[in-house]
Amino acid sequence: MASIATRDKIYWAGGLVQNQPNSSTVEIRDIYTQASSFACLFQSNAWFDAVLKNNKIVFFTGADWVPTRRINSTYMM
């Protein structure tokens, strides 16, 4: 799972749950209200990271693991 905090929000994206496909869900938690909203990555992802660039969150260098190959992806929010 990738995570990053910026402004008044925390973002958790993707991840892996044992015996389940990788997740494409992005949870966005407001630190003041504790309310969550949700968005989606364009593809499921695990083993990746997030950075802030030009006021945009960039999720990068992820991999959707398939038994014999690895597919890289990038997603901007």
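Numbers below:
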| quantity | calculated |
| --- | --- |
| Candidate set: the range 6-42, residues that are of a type in the set (A, V, I, L, M) and in contact with a strand residue (DSSP E or B) (Cβ under 6 Å, 6 or more places away or on another chain); chosen: the one most open to solvent (accessible area, probe 1.4 Å) | Leu16 |
| Yes/no for Arg29 being part of a strand (DSSP E or B) and modelled with pLDDT under 80 | no |
| Options Ile10, Ile4; residue that is assigned to a strand (DSSP E or B) and touching a Phe, Trp or Tyr at 6+ places or on another chain (Cβ under 8 Å) | Ile4 |
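The values are calculated or read from the model by the stated rules, or taken from the named source; none is laboratory data. Just so you know, these numbers come straight off a predicted model, no measurement behind them. Every residue, glycine among them, receives a Cβ derived from its backbone with ideal geometry; neighbour counts consider all protein chains shown. Accessible surface is based on the protein model in full, side chains and every heavy atom, while ligands, DNA and RNA are left aside. Shrake-Rupley method; radii C 1.70, N 1.55, O 1.52, S 1.80 Å.
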